[in-house]
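The values are calculated or read from the model by the stated rules, or taken from the named source; none is laboratory data. Given the structure is predicted, the values throughout are model-derived calculations rather than measurements. Counting neighbours? That spans all protein chains shown, and the Cβs are built from the backbone with ideal geometry, glycine included. We work out accessible area using only protein heavy atoms, side chains counted, and drop any ligands, DNA or RNA first. Shrake-Rupley method; radii C 1.70, N 1.55, O 1.52, S 1.80 Å.
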Amino acid sequence: LEASEGSAAVPAWLLNRQHAKAIGEASRKKAAEAAAERESTRRKAPASKLEKEATLSQYPSIPLSEYASDGDHLAINADFPGLRAIHRDPWIFLVSDLLSRAECEELMVKAGPHFQSSGGYSNNFRTSCECRVARHETQRLHARYAKLLNVPVGSLEAAKVSRYRRDEFFRNHVDVLSGTDFLENRIATLFVYLNDCEAGGETRFLSLPSQRSLEYAVGEKVCCLSTGRDVDGEGDYPGVIRAVLEDGSVDVDFDDGDVARVPRSAVRAYETLEVKPAQGMGVLFFPGYLPSSPKAMRFRNQLDR
């Protein structure tokens, strides 16, 4: 090698050795960082599991051995991993880790540029935005849902991603469709939270049956049974007794804005249940009857939840 002015030449073999040494040091550093990251993840995992257990512990836990198909509702896979029953009559289930964090984030990224307002078709009954995802892009998720629900993949609606920003909402509603001539309906609702929320974002079941005895007093909170209210084809909304009549009937102010006069036999006590967002957790319930159930015809034009 020729030497440059004022310096000594560095042999090629030494340059190669120094280069190899640098590569080795970089490789060892990268391996050490990866090991440290794995150790950090390992240490965090129990805490994460404890956090999930703490989240689930706030809800009732009904033994799945008590669940059995009644012939009126969809019979789901009670052996599905992570399934937890939190209410009976009607049955409501949670499914922990139904989607992974990565799957949740993928859905949010996918839907992000395509959100459209839900207010137009709902007459501002809901103020969220939503996006339907093409079926061929959610085949893996649909296969998992189908296994939980015990139904063919083709029976599922296309996945819908909904986004609620601060102060946005979906008012009191039911998921079934009234006035179905051929008894086709939504026999199961399954939704999954795609992110956690520090505050807000809860889903509230507003009119679950309660064993509480009614006093039939003004100001008492009640629900009106579907068989006793035939105002708009949608019964069972919660409300408050406005007046008690001499003939035994009561006037009820419903939370959805309607007012109805109904016999005492048509109102019942109710309780509520609130489910808080937890990323990847699924919520499953049955808004409608199976078409094969006699109740599907009985409540064809009137919702019974």
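Take V161 and decide whether it is of a type outside the set (S, T, Y) and not in a strand (DSSP E or B). Steps first, please.
Working: of a type outside the set (S, T, Y): yes; not in a strand (DSSP E or B): no.
Considered against the rule, which asks whether it is of a type outside the set (S, T, Y) and not in a strand (DSSP E or B), V161 comes out as no.
Which of (1) in a helix (DSSP H, G or I); (2) modelled with pLDDT under 95; (3) surrounded by 14 or more Cβ atoms within 10 Å (Cβ to Cβ) does G112 not meet, given it meets every other one? For G112, the failing item is (3). Scanning the range 66-107 for residues that are free of Cβ contacts under 8 Å to residues at least 24 places away in the same chain and under 25 Å from K295 (Cα atoms) yields a count of 5.
Does the range 197-219 hold any residues that are open to solvent by 40 Å² or more (accessible area, probe 1.4 Å), assigned to a loop (DSSP other than H, G, I, E, B) and either in contact with a Gly (Cβ under 8 Å, 6 or more places away or on another chain) or in contact (Cβ under 8 Å) with a residue 12 or more places away in the chain (or both), and which are they? Once the filter is applied, which keeps residues that are open to solvent by 40 Å² or more (accessible area, probe 1.4 Å), assigned to a loop (DSSP other than H, G, I, E, B) and either in contact with a Gly (Cβ under 8 Å, 6 or more places away or on another chain) or in contact (Cβ under 8 Å) with a residue 12 or more places away in the chain (or both), the range 197-219 yields C197, G201, E202, Q211, R212, S213, Y216, V218, G219.
One residue alone among L98, L141, L194 is outside any loop (DSSP other than H, G, I, E, B), open to solvent by less than 60 Å² (accessible area, probe 1.4 Å) and at pLDDT 95 or above, and that residue is L141. Within the range 246-260, residues that are over 23 Å from F170 (Cα atoms) and of a type in the set (F, W, Y) reach no partner that is open to solvent by less than 50 Å² (accessible area, probe 1.4 Å) and modelled with pLDDT of 80 or more with beta carbons closer than 6 Å at six or more positions or on different chains.
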